[in-house]
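Here's the structure we're looking at; comments come further down.
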Amino acid sequence: MDKIYDVIIVGSGPAGMFAAERLSGENLSVLVVERGDEPSLRTDMNFGIGGAGTFSDGKLNLTSKIGGDPTSFGRTDEEIEQLIQKVDDVFNSVGAEGGYSGLSDMGSMELKRKAHSAGVEFIYAKQRHIGTDVLHIIIDRFYRKLAAEKNIQFSKNDRVKDIKKKDDLFFIETEQSKYWGKYLIAAPGRAGSYWLREQVKNLGVQTSYGPIDVGIRVEFPYEIYDKIATVMYDAKFRLYTKSFDDLVRTFCTNPRGFITKEVYDEFVLVNGHAKRDHKTVNTNFALLSRVSLTNPVEDSTAYGRDIARMAMTIGGGKPIIQRLSDLLNGRRSTWGRLAKSAITPTLMDVTPGDIGMVFPHRIVRNLIEGITVLDEIISGLLSNNTFLYAPEIKFYDTNYHVTPYMETTCKNFFVAGDASGHSRGIVYAAVTGIVAAEGVLVK
Ligand SMILES: Cc1cc2nc3c(=O)[nH]c(=O)nc-3n(C[C@H](O)[C@H](O)[C@H](O)COP(=O)(O)OP(=O)(O)OC[C@H]3O[C@@H](n4cnc5c(N)ncnc54)[C@H](O)[C@@H]3O)c2cc1C
């Protein structure tokens, strides 16, 4: 039989890399199998060492309140806060510098007051912004440290096709090779979550369906958000809509940033980022409407994928852009109508269209109500100058039943990161990776 690794990690996003970091120095043979290339060579947004976050601007939510729920995997806020500090320390050790916000309660008072009077919850917390122009350099350093100094073996450009369990060992078949491992940490991220879900069906791994978030990127002149950004770089607002009592929330705000495409095998979504040094005159954030499906149809992934494919059809293979005023008036946007706005889109590889033709009525209503209410806090949002891009969809749908160490119902099979359904962002993904690694060490 070929070599048996102590631990095989599938995927080297923050979850996989921080799991590897935690396992290093423990006299274990650790193999990380990664579908994409190393940071300095990769061209793909989602796949490659560093994961989906590599070309993001690295907004680190340094709080247990954002990006996950400790109780969903049997942990306390205090435990998670300690692990978050460790994650931040690792970023510092590979050269991340400064960029903190959300440190002074004084600055948040006016925003909290405005949010309360609009019936909105403002989640105030410590954050850090690294910047798109800097993060990939930091990740590259982290990767080299793991590979050169910490004895972690990486198999790059090597997609895992199949996971099987034979007796007490895991048998992993990849595009390049076959591997055996005693413990498995699966961390293939959002882009790999659908694949993983299909894989684990035969391994006795129990999962349930969770909600997804469906919505848009909202882009507007930076001046109307500037004051808020000094209080909290990526301010989180949550509200429940009057019409349906559905949760609508802002997510991933990019002051003076860019809209970008998030390309998957079957469809294209939108996302956003901001550089540390090169600023635009626009700010953007995601506005998302929560969708939970109940009996008899619970598969929210399938629903989200159908919406994404519908958007592909309407957009001719590209994301859709629409002026807010065109959506409100029930007409599609054209390049001519977009030109009447006082700002220019930061993403031009889009199709002017009608978001009302893509999303179900309930989601469109929720999003419009969300913008209307948020205009009371971000004055000037409800304007002719505002652009909307669709679709932005967050698939956190498959929720793995796990122990406090992220071990699934299949013995020695751990999950971590966004594919686990227990994280929604770089920091929580990293935390669940550390927790899974500690689970292996405990055993
Ligand atoms: C454009 C963009 C901007 C973002 N900005 C932020 C931000 O500012 N702050 C924040 O907190 N979050 C941000 N996010 C989200 C963040 O990147 C993710 O939450 C985080 O990367 C999840 O980490 P992960 O390790 O679970 O998965 P990922 O980072 O997705 O990594 C999974 C890895 O697994 C690999 N993989 C998948 N399938 C296989 C397979 N079959 N075989 C081998 N390897 C496989 C993939 O190639 C990938 O490298 C952003 C995401 C995007 C796309």
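The values are calculated or read from the model by the stated rules, or taken from the named source; none is laboratory data. Predicted model, so just to flag it, every value in this text is computed and none were measured. Here the Cβ positions follow ideal geometry from the backbone for every residue, glycine too, while neighbour counts run over all protein chains shown.
At a glance:
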{"read-out": "Residues located in segment 170-199, provided they are out of contact with any Pro (no Cβ under 7 Å at 6 or more places or on another chain) and without any contact (Cβ under 8 Å) to a residue 12 or more places away in the chain", "value": "PHE171, GLU198"}
{"read-out": "Where ILE224 falls short, out of the listed (1) within 18 Å of GLY380 (Cα to Cα); (2) touching a helix residue (DSSP H, G or I) at 6+ places or on another chain (Cβ under 8 Å); (3) aliphatic (A, V, I, L, M)", "value": "(2)"}
{"read-out": "Any pair with Cβ under 7 angstrom, 6 or more apart, that starts in segment 395-410 at a residue that is more than 23 Å from VAL291 (Cβ to Cβ) and ends at one that is surrounded by fewer than 19 Cβ atoms within 10 Å (Cβ to Cβ) and among the acidic types (Asp, Glu)", "value": "TYR405/GLU438"}
{"read-out": "Answer from LEU288, LEU293 - the residue that is modelled with pLDDT under 95, in contact with a strand residue (DSSP E or B) (Cβ under 8 Å, 6 or more places away or on another chain) and assigned by TED's automatic domain parsing to the domain that holds TYR389", "value": "LEU293"}
{"read-out": "Criterion: surrounded by fewer than 19 Cβ atoms within 10 Å (Cβ to Cβ) and on the phi > 0 side of the Ramachandran plot - qualifying residue of GLY50, GLY99, GLY58", "value": "GLY99"}
{"read-out": "Residue in segment 295-313 that is touching a Lys or Arg at 6+ places or on another chain (Cβ under 8 Å), assigned to a strand (DSSP E or B) and closer than 28 Å to GLY58 by Cβ present", "value": "no"}
{"read-out": "Residue within segment 200-210 that is touching a residue at least 24 places away in the same chain (Cβ under 8 Å), within 14 Å of the ligand (Cβ to nearest atom), crowded, with 20+ Cβ neighbours inside 10 Å and not assigned by TED's automatic domain parsing to the domain that holds ALA308 present", "value": "yes"}
{"read-out": "Condition check for SER193: within 18 Å of the chain's Cα centre (by Cα) and either polar (S, T, N, Q) or within 12 Å of the ligand (Cβ to nearest atom) (or both)", "value": "yes"}
{"read-out": "Index of the failed condition, TYR233 passing every other in (1) in a loop (DSSP other than H, G, I, E, B); (2) touching a Leu at 6+ places or on another chain (Cβ under 7 Å)", "value": "(2)"}
{"read-out": "Any pair with Cβ under 6 angstrom, 6 or more apart, that starts in segment 412-440 at a residue that is within 7 Å of the ligand (Cβ to nearest atom) and ends at one that is of a type in the set (D, E, K, R)", "value": "ASP418/ARG190; ALA429/ASP418"}
{"read-out": "Qualifying residue in segment 295-312 (condition: within 22 Å of VAL134 (Cα to Cα) and touching a Gly at 6+ places or on another chain (Cβ under 9 Å))", "value": "no"}
{"read-out": "Residues of segment 279-305 satisfying the condition of being under 30 Å from ALA342 (Cα atoms) and of a type in the set (Phe, Trp, Tyr)", "value": "PHE285"}
{"read-out": "Residue tally, condition within 19 Å of ALA430 (Cα to Cα) and among the aromatic types (Phe, Trp, Tyr), over segment 75-129", "value": "2"}
{"read-out": "Residue in segment 237-244 that is at negative phi, out of contact with any helix residue (DSSP H, G or I) (no Cβ under 8 Å at 6 or more places or on another chain) and within 12 Å of the ligand (Cβ to nearest atom) present", "value": "no"}
{"read-out": "Segment 239-273 - residue that is over 26 Å from SER193 (Cβ atoms) and either among the hydrophobic types (A, V, I, L, M, F, W, C) or part of a strand (DSSP E or B) (or both) and, of those, nearest to the chain's Cα centre (by Cα)", "value": "LEU239"}
{"read-out": "Criterion: of a type in the set (A, V, I, L, M, F, W, C), closer than 18 Å to THR132 by Cα and out of contact with any Pro (no Cβ under 9 Å at 6 or more places or on another chain) - qualifying residue of ALA274, ALA229, ALA235, ALA286", "value": "ALA286"}
{"read-out": "Given (1) out of contact with any strand residue (DSSP E or B) (no Cβ under 6 Å at 6 or more places or on another chain); (2) closer than 23 Å to LEU374 by Cα; (3) among the aliphatic types (A, V, I, L, M), number of the condition MET312 does not satisfy", "value": "(2)"}
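For (1) out of contact with any Cys (no Cβ under 9 Å at 6 or more places or on another chain); (2) at pLDDT 90 or above; (3) more than 25 Å from ALA308 (Cα to Cα); (4) charged (D, E, K, R), each residue gets a yes or a no:
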{"residue": "LYS166", "(1), (2), (3), (4)": "yes, yes, yes, yes"}
{"residue": "ILE172", "(1), (2), (3), (4)": "yes, yes, yes, no"}
{"residue": "PRO188", "(1), (2), (3), (4)": "yes, yes, no, no"}
{"residue": "GLY210", "(1), (2), (3), (4)": "yes, no, no, no"}
